[in-house]
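The values are calculated or read from the model by the stated rules, or taken from the named source; none is laboratory data. Note that the coordinates shown come from a computational prediction; the quantities given were computed from them, not determined experimentally. Every residue, glycine as well, gets a Cβ built from its backbone with ideal geometry; the counts of neighbours run over all protein chains shown.
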Amino acid sequence: MYVPKQNEETRTEVMHSLIRAHPFGVWVSLGDGELSANHIPFELAPERGEFGTLVGHVARANPIWRSAPSGILGLVTFQGPQSYITPSWYPSKHEHGKAVPTWNYAVVHAYGSPSFIEDKAWLYAHVTNLTNRHEASQALPWAVSDAPADFTERMIGSIIGVEIPIQKLIGKWKMGQNRSESDQLGVVAGLLGKEDAQATGVAKVMQQNLRSS
């Protein structure tokens with residue numbers, strides 16, 4: 001990934017925060033001579049390893065767990081907030097017209113080699129943790145134990161666990177850092193005016209960057 005210095009994010013805790021907020025990753029791996037991409041919700045275990053460990057599962061029918069060699073690096077990408085940026089939001093555009101459209105976004109690339117887990121106790125604990133995390137905001141949270149035990153056992157038998165200790169983390173926060181403060185503030189106002197969740201997310205990141213600069 002091309003990362004200009006001004007857009008580089010090196011703080012592990014910031015990249016971990018994006019992964020937690022946007023846990024649906026794209027896992028790209030090489031196996032049987034070709035690239036494969038799988039879309040997986042990951043849990044992050046930040047205390048395990050230098051950069052943490054990604055924990056997830058795939059369907060047993062998915063060939064990835066047989067074809068992806070454990071010693072080969074794979075890549076998991078996590079996409080944070082993103083939005084189109086119109087030059088009309090830049091005050092400078094109205095002064096001299098020297099502006100073009102762009103796209104603001106935050107993204108994390110996590111590299112690591114996978115290992116696969118078939119242990120049923122591990123899998124039960126994993127899906128329980130994953131479920132509890134994503135059901136927490138529901139008015140009536142569903143629990144794994146709500147389903148009949150024999151049904152749950154069959155479902156557990158149909159998946160394979162995957163752990164990816166993160167060996168390298170790369171963060172890119174392309175948030176208009178190359179623009180003047182007034183242009184950045186103009187973008188923030190424009191994004192907030194869209195009343196769109198992605199646009200609002202970008203605006204919040206830009207506001208945080210402006211406060212810390």
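Could you tell me which residue of the stretch 143-186 is surrounded by the fewest Cβ atoms within 10 Å (Cβ to Cβ), considering only residues that are over 24 Å from the mean Cα position of the chain (by Cα) and aliphatic (A, V, I, L, M)?
Applying the filter and picking the extreme gives ALA149.
Working only within the stretch 18-36, note down all residues that are touching a strand residue (DSSP E or B) at 6+ places or on another chain (Cβ under 8 Å) and farther than 26 Å from VAL202 by Cα.
SER29, LEU30, LEU35, SER36
Considering only residues of the stretch 45-74 that are within 21 Å of ALA121 (Cβ to Cβ) and aliphatic (A, V, I, L, M), which is surrounded by the most Cβ atoms within 10 Å (Cβ to Cβ)?
Filtering first and then ranking leaves LEU54.
Among the residues that make up the stretch 56-75, is at least one of them at pLDDT below 95, within 14 Å of GLY112 (Cα to Cα) and β-branched (Val, Ile, Thr)?
Looking through the stretch 56-75, at least one residue is at pLDDT below 95, within 14 Å of GLY112 (Cα to Cα) and β-branched (Val, Ile, Thr).
Kindly provide the set of residues from the stretch 79-113 that are under 15 Å from the mean Cα position of the chain (by Cα), under 20 Å from ASN209 (Cα atoms) and not small (Gly, Ala, Ser), ordered by number.
Those that are under 15 Å from the mean Cα position of the chain (by Cα), under 20 Å from ASN209 (Cα atoms) and not small (Gly, Ala, Ser): GLN79, PRO81, GLN82, TYR105, VAL107, VAL108.
From (1) touching a strand residue (DSSP E or B) at 6+ places or on another chain (Cβ under 8 Å); (2) surrounded by fewer than 18 Cβ atoms within 10 Å (Cβ to Cβ), pick out the condition that doesn't hold for THR86.
Going through (1) touching a strand residue (DSSP E or B) at 6+ places or on another chain (Cβ under 8 Å); (2) surrounded by fewer than 18 Cβ atoms within 10 Å (Cβ to Cβ) one by one, THR86 breaks only (1).
Can you list the helices (runs of 4 or more DSSP H) lying wholly within the stretch 137-213 that have 1 or more residues being touching a residue at least 12 places away in the same chain (Cβ under 8 Å) and in contact with an Asp or Glu (Cβ under 8 Å, 6 or more places away or on another chain)?
Helices (runs of 4 or more DSSP H) meeting the threshold: 197-212.
Is it true that VAL127 is in contact with a His (Cβ under 8 Å, 6 or more places away or on another chain) and either of a type in the set (Val, Ile, Thr) or part of a loop (DSSP other than H, G, I, E, B) (or both)?
Considered against the rule, which asks whether it is in contact with a His (Cβ under 8 Å, 6 or more places away or on another chain) and either of a type in the set (Val, Ile, Thr) or part of a loop (DSSP other than H, G, I, E, B) (or both), VAL127 comes out as yes.
When you scan the stretch 124-142, do you find a residue that is surrounded by 12 or more Cβ atoms within 10 Å (Cβ to Cβ), among the β-branched types (Val, Ile, Thr) and touching a Phe, Trp or Tyr at 6+ places or on another chain (Cβ under 6 Å), even just one?
no
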